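The values are calculated or read from the model by the stated rules, or taken from the named source; none is laboratory data. The model shown is predicted, which means the values in this text are computed figures rather than measured ones. Positions of Cβ are backbone-derived with ideal geometry, glycine not excepted, and every protein chain shown enters the neighbour counts. The area values use the complete protein model at the heavy-atom level, side chains included, leaving out ligands, DNA and RNA. Shrake-Rupley method; radii C 1.70, N 1.55, O 1.52, S 1.80 Å.
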Amino acid sequence: MIDSSTEHRTPAEGRLRVVVVGAGAMGGEWIRMLARSPHAEAVGVVDLDVPLAASTAASAGLADVEVGSSVAEVAERAGAAAVINVTVPQAHRVVNEQALRAGLPVLCEKPLAPTIAEALRQVALADVTGELLMVSQSRRYFDHLAAFRDAVGALGPLATVNAQFFHADHEPGFREQMAHPLLVDMSIHHFDQLRYLTGDEPVAVRCSSWNPPWSWFAGDAAASAEFELASGARFVYAGSRCTPGLQTSWNADWRVYAERGAAFWDGDDVVRVDADGVGIDVPHGREGIEGSLEEFVTALRAGTTPQNEVRANVLSLAMVEAAIRSSERGGERVVLAELLEESLAQAIADERSDDVAALLTSWDSAADGIATPAWGSAPAPIASGGAR
Ligand SMILES: NC(=O)c1ccc[n+]([C@@H]2O[C@H](COP(=O)([O-])OP(=O)(O)OC[C@H]3O[C@@H](n4cnc5c(N)ncnc54)[C@H](O)[C@@H]3O)[C@@H](O)[C@H]2O)c1
């Protein structure tokens, strides 16, 4: 569904006028990228810490942008047509609600929410407001991942997908305090990449997480997990955020074994295939958050459904929550469909807006609620290169 106000607000040409909400480390990255983007420009910056909003904007050379602490008010003053939400995960739903209720489409940083229940409330909210809510899973947008994906697609049925992520990162702030800094803040990227890479969907998981004795994180900085996929293949994942030495790419490194052969991606710029007749063709598109922004603006203008429209992202988040539940239950097998239904009941119990609660209650099931994208007239094809 495309709301007429959205069509009215999204100009067909020129750079889209956006407000960036959250002027922390990543908000600064977005603001600096927007300063050189052909697709959008930051005309407002919002943060609870207004002086921080002003100084982050100024450091990107944006002296004239509107700043403040209210999304709707800054957007109105700045004449903005969309919002990019780069606040901490706990604030994502509240900020998205303010923007969507003000008639502004949103590109929201991952993770969409701390829980599936909060994510489902946002699915219904986007539907009720008729505005586009897209999650920025920026690690889908890499040229070599697109090449790897094409190669994997030529290997036939999958046996197993292995991904490893080993890092030692020091980022004081919310990450070092959270209960599951690896699974919630980092593995969400890798789990989402698995879905992009294979088109296979997760069914169940067994996971174990722990915190190495030298860890500088309060919560579990390491985990291993085995997911069962709908095809019957397995996704075997291992990671840590506090392991110096032999570091992998931030994108993890990947091996896929299938009926016709195998493929490897180092997470950066090395893709190898061991299968007769399967080559590697690296496209050239915009990478990372630039790729994500390009798809958001293209979807708004063309009325197509971006690959990370809010509904489509729920299963990536569900992989995280299911892995955490399994770990907290001693490695018990957790079925994602069951977790989704429990989360819908929780979403209905938590929701305070009558219109959103009524929509959630009307769904036959959570699976029904996330089955059809709310926004966009047609699914955008996932092509190699460009807006993947
Ligand atoms: N895609 C990526 O590779 C990537 C990398 C880093 C961070 N991120 C994501 O970006 C988001 C922000 O991370 P960060 O490292 O910049 O965090 P941060 O703590 O440095 O900054 C967050 C900012 O949000 C502000 N804020 C919090 N609640 C707010 C609210 N209700 N209204 C307005 N402002 C509010 C805070 O004051 C703070 O300035 C997170 O969701 C994180 O997961 C993504």
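At a glance:
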| item | result |
| --- | --- |
| Mean ellipticity per residue at 222 nm, deg cm²/dmol - from DSSP H runs of n ≥ 4 across the chain, formula -39500 (n - 2.57) | -11500 deg cm²/dmol |
| Amide hydrogen neighbours beyond the local backbone of Ala40, cut-off 5 Å, H modeled | Leu16 |
| Cα→Cβ-extended label distance, 7 Å offset, between Gln90 and Ala358, nm | 3.3 nm |
| Solvent-accessible surface (1.4 angstrom probe) belonging to Asp269, in square angstrom, nearest 10 | 100 Å² |
| Gain upon complete extension [Asp281, Trp210; 0.36 nm per residue less C-alpha separation] | 21.7 nm |
| Heavy-atom accessible area order for Ser343, Ser231, largest first, 1.4 Å probe | Ser231, Ser343 |
| Theoretical gain in end-to-end length, Ala230 to Ala12 [0.36 nm per residue, Cα-Cα removed] | 74.5 nm |
| Efficiency of FRET between Glu332 and Asp268 - r from beta-carbon atoms, R0 41 angstrom, step 0.05 | 0.70 |
| Size of electric dipole in the chain: Cβ of Lys, Arg +1 and of Asp, Glu -1, about Cα centre, debye, nearest 20 | 380 debye |
| Highest to lowest packing among 363-369, 222-228, scored as the average C-beta count within 10 Å | 222-228, 363-369 |
| In Hz, Karplus ³J(HN,Hα) per residue of the range 218-227 (6.51, -1.76, 1.60; θ = phi - 60°; x = Gly, Pro) | 6, x, 5, 9, 9, 7, 9, 8, 10, 9 |
| Built amide H within the under 5 Å cut-off of Ala262, gap 5+ | Asp274, Ala275 |
| For the range 247-349, with +1 on Lys and Arg beta carbons and -1 on Asp and Glu, the positive-most of Ser249, Asn308, Gly291 along the dipole | Asn308 |
| In range of the label at Ala168: residues from the range 204-232 whose backbone nitrogen is under 18 Å from the point 7 Å along Cα→Cβ | 211-218, 221-223 |
| Nearest-20 debye value, the range 1-145 charge dipole, Cβ charges on Lys, Arg, Asp, Glu | 300 debye |
| Along principal axes, Cα extents of the chain, largest first, whole Å | 55, 46, 45 |
| Highest-first arrangement of 133-146, 11-24, where packing means the average Cβ count within 10 Å | 133-146, 11-24 |
| When the convex hull of its Cα atoms is projected in every direction, mean area for the range 143-274 (nm²) | 7.8 nm² |
| Under 5 Å, built H, 5+ apart or other chain: amide partners of Gly219 | Met178 |
| Theoretical FRET efficiency, 1/(1+(r/R0)^6), r = Cβ-Cβ of Val50 and Ala179, R0 41 Å, to 0.05 | 0.85 |
| Rg followed by Dmax, in Å, when the range 267-388 is reduced to its Cα trace | 18.9, 58 |
